[in-house]
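Remarks on the structure that follows.
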Amino acid sequence: ARIDLHGRTQGEAHAALLRFLRKAQRDGAKVVLVITGKGARARDQWSERGVLRRQVPQWLKLQEFRAYVVGFEDAHVGHGGEGALYVRIRKTDDRRRTEE
């Protein structure tokens, strides 16, 4: 499974990513692709570039994502390289073990 967060605000991207990871876990996915983009273009001169590229890895470390995420790493160049991440999905059984 994959999600492309290009063109979304931080708020939209955060909510969409959390929904996506919940569904991926329910569906039994082991690894998913999260495309953040490289931040090559800003919408206007006041917009910051590469915000999602920097923010998504930070979000994946947050408590609210820990139930779904085991770890993550940059994707292969063919899947987006530095503009994408492979995210390893936690099995639902793993969550119970970490809470015990």
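Quick notes on this structure:
- Of all residues in the range 41-51 being modelled with pLDDT of 65 or more and in a loop (DSSP other than H, G, I, E, B), the one that is farthest from residue 88 (Cα to Cα): 49
- Some residue of the range 19-40 being in a loop (DSSP other than H, G, I, E, B), modelled with pLDDT under 95 and exposed (fewer than 12 other Cβ atoms within 10 Å of the Cβ): yes
- If the condition is being free of Cβ contacts under 8 Å to residues at least 60 places away in the same chain, crowded, with 16+ Cβ neighbours inside 10 Å and assigned to a strand (DSSP E or B), then the range 57-87 contributes 69, 72, 84, 85, 86.
- Within this structure, residue 54 passes the test of being assigned to a helix (DSSP H, G or I), within 14 Å of the chain's Cα centre (by Cα), loosely packed, with under 14 Cβ neighbours inside 10 Å and modelled with pLDDT under 95.
The values are calculated or read from the model by the stated rules, or taken from the named source; none is laboratory data. Nothing here was measured: the structure is a model prediction, and the numbers come from that model. Here Cβ is always computed from backbone atoms with ideal geometry, including for glycine, and neighbour counts include all displayed protein chains.
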